[in-house]
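So the structure is just underneath, and the comments pick up after that.
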Amino acid sequence: MNFYEILGVTPESSLAEIKAAYRKLARKYHPDVNPSGAKRFKQISLAYETLTDEKKRKNYDTINGIFKKETTNPAEKNKKFDDYSEQLKKNKTKKKSMDFSKIFNFENAKATKKHSPINGEDINTDISISIKEAVKGTNRTVNVVHSELCPSCRGRKFINGAKCSVCDGTGEYSQHKKITVKIPPNVKNNSKLRIKGEGTQGQFGGKNGDLYLHITIEQSAKIKYDNLNILYTVPITPFEAVLGSEIDIPVFDGHVKLKLPQMTSNGQKFRLASQGLKRNGKIGDMIVTVSIEIPSSLSDDEIKLYEKLKKLSASNIRENLLNE
């Protein structure tokens with residue numbers, strides 16, 4: 001609802017008619033008289049303040065595309081025509097062309113206004129990926145809300161004095177758009193990926209904004225990263241640690257082999273060259289930390305062997321604990 005409808009008047013109403021309409025509504029909706037009419041009274045007051053100020057009223061009419069109807073009074077038309085003729089005579093020596101529409105008070109007629117191009121705004125959104133996806137690359141579907149200039153009212157919010165039905169008077173038209181984005185291999189944590197032209201739509205010939213994806217790489221309990229290096233915690237059995245063994249370690253491209261020496265200790269680190277992330281011609285390493293773990297289930301024979309090992313063991317690994 002526009003200001004004229006709020007007061008129950010028309011764009012052709014005089015100042016006196018507007019004031020009279022305001023007084024009538026104010027008596028009805030003033031909070032002192034009608035406690036439930038506070039919101040309505042604010043609307044009435046704002047409309048009155050705007051329409052009783054000549055400059056504010058003219059700006060309001062121009063912005064909202066409200067045009068006064070042409071007068072049908074013949075005497076008034078003749079007077080304006082005489083004024084126009086007299087004005088032409090005065091300016092004849094100056095060779096200046098007069099604006100016929102202004103003499104006839106047609107300044108509210110529709111005119112083509114040239115706008116400068118306005119570029120659209122960028123859209124930023126966050127996405128998270130796994131370390132495997134960071135190494136191998138992946139695709140993500142991003143749901144983006146695009147806010148564009150209303151195609152019906154072109155952002156003016158009102159059409160011929162009435163609220164635009166397409167945008168409901170907001171001047172903008174929003175729609176959801178799904179965009180499939182390809183994330184390249186070996187992407188860095190906290191990096192920013194730009195998708196050109198997928199931001200907010202530009203206006204009056206301006207360029208569209210861009211879509212920026214802020215990428216976070218999720219850490220896991222077993223795999224982390226340090227710049228180009230991948231930090232990998234790998235479990236081994238007690239007998240692999242004591243006897244030494246060549247073990248297979250699953251990686252993103254298959255498996256790599258790691259040779260464990262005899263008497264490998266818990267937390268011992270091994271470096272696998274060129275098994276890390278690749279970026280800008282450089283490649284990192286994979287640093288493996290072994291963790292000696294007991295299997296969650298053991299057979300009866302395995303338990304008997306542990307019992308035998310307990311009887312055979314003569315060392316006390318906690319003997320010098322306080323002296324270390």
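Structure notes:
- Options Val144, Val135, Val166; residue that is surrounded by 11 or more Cβ atoms within 10 Å (Cβ to Cβ), of a type in the set (A, V, I, L, M), over 30 Å from Asn229 (Cα atoms) and in contact with a Pro (Cβ under 8 Å, 6 or more places away or on another chain): Val166
- Some residue of region 263-278 being open to solvent by less than 60 Å² (accessible area, probe 1.4 Å), among the basic types (Lys, Arg) and touching a residue at least 24 places away in the same chain (Cβ under 8 Å): no
- Taken over region 127-156, residues that are at pLDDT 80 or above, in contact with an Asp or Glu (Cβ under 9 Å, 6 or more places away or on another chain) and assigned to a loop (DSSP other than H, G, I, E, B) amount to 1.
- Taken together, the residues in region 118-132 that are open to solvent by less than 90 Å² (accessible area, probe 1.4 Å) and closer than 30 Å to Asn59 by Cβ amount to 2.
- Selection within region 221-262 - open to solvent by 50 Å² or more (accessible area, probe 1.4 Å), in a loop (DSSP other than H, G, I, E, B) and not hydrophobic (A, V, I, L, M, F, W, C): Lys222, Asn227, Asp253, Pro261, Gln262
- Per the listing Thr180, Thr170, Thr200, Thr216, the residue uniquely in contact with a Cys (Cβ under 8 Å, 6 or more places away or on another chain) and not small (Gly, Ala, Ser) is Thr170.
- In region 279-313, of all residues being among the acidic types (Asp, Glu) and open to solvent by 60 Å² or more (accessible area, probe 1.4 Å), the one that is nearest to Ile223 (Cα to Cα) corresponds to Glu293.
- If you go through region 172-214 and keep only what is part of a loop (DSSP other than H, G, I, E, B) and either in contact with a Pro (Cβ under 9 Å, 6 or more places away or on another chain) or under 18 Å from Thr138 (Cα atoms) (or both), you end up with Pro184, Pro185, Asn186, Val187, Lys188, Asn189, Asn190, Gly202, Phe204, Gly205, Gly206, Lys207.
- Members of region 169-188 that are at pLDDT 85 or above and open to solvent by 40 Å² or more (accessible area, probe 1.4 Å): Lys178, Thr180, Lys182, Pro184, Pro185
- Qualifying positions in region 6-42 - touching a residue at least 12 places away in the same chain (Cβ under 8 Å), open to solvent by 70 Å² or more (accessible area, probe 1.4 Å) and part of a helix (DSSP H, G or I): Leu15, Lys19
- Qualifying residue in region 51-73 (condition: open to solvent by 80 Å² or more (accessible area, probe 1.4 Å), over 28 Å from Thr170 (Cα atoms) and at pLDDT 85 or above): no
The values are calculated or read from the model by the stated rules, or taken from the named source; none is laboratory data. Computed from a predicted structure; not experimentally measured. Using ideal geometry, Cβ is built from the backbone for each residue, glycine included, and neighbour counts are taken over all protein chains shown. The area values use the complete protein model at the heavy-atom level, side chains included, leaving out ligands, DNA and RNA. Shrake-Rupley method; radii C 1.70, N 1.55, O 1.52, S 1.80 Å.
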